[in-house]
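See below for the structure under consideration.
A short reminder: the numbers here are calculations on the coordinates, not readings from a lab. Computed from a predicted model, the values in this text were never measured in an experiment. Every residue, glycine among them, receives a Cβ derived from its backbone with ideal geometry; neighbour counts consider all protein chains shown.
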Amino acid sequence: MDRIRGEFIDIIEWTDDGRDTIVWRFPRYGNEIKMGARLVVRESQVAVFVNEGRLADVYQPGTYTLSTRNMPVLSTLKGWKHGFESPFKAEVYFVTTRQFTDFKWGTQNPVILRDAEFGMVRVRAFGTFAAQVVDAAALLRELVGTDPQFRTEEVGEHLRQLIVSKLGSALGAAGVPLLDLAARQDGIGQQLAKALTLELSATGISIPRFYIENISVPPEVEAAIDTRSRMAITGNLDDYAKLQAADAIPLAAANPGTGGDAVGLGVGMALGQRIVQSTSGAAAAAVPPQPAPAPAPSDVPPPLPTAPRWFIAVGGQQQGPYDESALAGQVAAGNLTRTTLVWRSGQAAWQPADQVPELTSLLADVPPPLPPQG
């Protein structure tokens, strides 16, 4: 009886002692599973029964007593319509659903981007990501097959190649300037995680986390960025030239001979000239500005002044322009009196003639208006 009982499997379970196994097939070794056997599915696991190459029932975490009632798909495949309790053979795959966080990625070849400030730039990047099984049945159909132990290394290279293929389009679609990529790495990583999850949905794998640890550029671009930063700190090209000259002094001093002395002499002369220029400029700034000399008298007389042109209001109508001699005629004709409104260029508005100082002499002989008669 002991030999007969040993022919059947009573407990089906998997205690994962590794950190890189995604799928593990329960070793049946030809033994049959009897009805009433206990199935133990631990947290972060899913158990999948396969009968004659066809996926059957999928079990979430928990403890199950196998019977035709909790094996509906397998019961249908086997034709157990009336609760048949005979032993049966089936393959049982345990699938890990926890996150695998030790995946690393990197660009072996640079990705070419178009930047508004630097033009076409080659960038490299590396980082880490996490992968998780969200559909055990799809994973078995698309990737695992009959592999008895499916590990992370078997899918890791496929994921890394997919990431590199999506990285260039993600960086280009982000539209982020090169100098701002470091500040936007988290956002770009989230976009890549969503794009990769959508791409891998048919295989039952998702990418819940994606991290960009570093984005680097070629050395010549780094040198250009450093130069631009130093120029921004110094403020202008003249100060930047001074900074370069100052940087060259210790290099010349550390390399005497073989041109080092000549370099030092040239740098010293350049600095001396700049010091003299600065001193001369400071001295010139310290001397107060002198008034410009008066122009020498000329034998050519200046042009005659232009006589003012006057307008007067007669009977509500504008008349003119008149010069002063013509105004005298208007006074004689009685058209220009003390109360007549007059205007010339430079006045803000029309004014009575007796309020304009320039016309006082013309109106000296004009009597004032008669007082009102009682």
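Here are the numbers for the structure shown:
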{"item": "Cut-off under 5 Å, modelled amide H: who pairs with Leu181 long-range", "result": "none"}
{"item": "Surrounding net charge for Gln45, when Lys and Arg each add one and Asp and Glu each subtract one, Cβ distance under 11 Å", "result": "-1"}
{"item": "Gyration tensor (alpha-carbon) shape descriptor, segment 43-188, a/c threshold 1.5", "result": "prolate"}
{"item": "Amide H within-cut-off set for Ile205, under 5 Å, with H built and near neighbours excluded", "result": "Val134"}
{"item": "Charge context of Ala332, other residues only, Cβ under 14 angstrom, K/R +1, D/E -1", "result": "-2"}
{"item": "Chymotrypsin sites (Phe, Trp or Tyr not before Pro) within segment 12-102, DSSP loop, no more than 16 other Cβ atoms inside 10 Å", "result": "Tyr29, Phe84"}
{"item": "Cα-based Rg / Dmax (Å) for segment 69-144", "result": "24.2, 76"}
{"item": "Amide H partners (placed H, <5 Å) of Ala56, local residues excluded", "result": "Phe49, Val50, Asn51"}
{"item": "Table column - 3J(HN,Hα) (Hz), segment 65-80, Karplus curve with 6.51, -1.76, 1.60, x for Gly and Pro", "result": "9, 5, 7, 5, 6, 9, 10, x, 5, 5, 4, 5, 5, 7, x, 7"}
{"item": "In segment 42-108, GluC sites (Glu not before Pro) in a DSSP loop with at most 10 other beta-carbon atoms within 10 Å", "result": "Glu43, Glu52"}
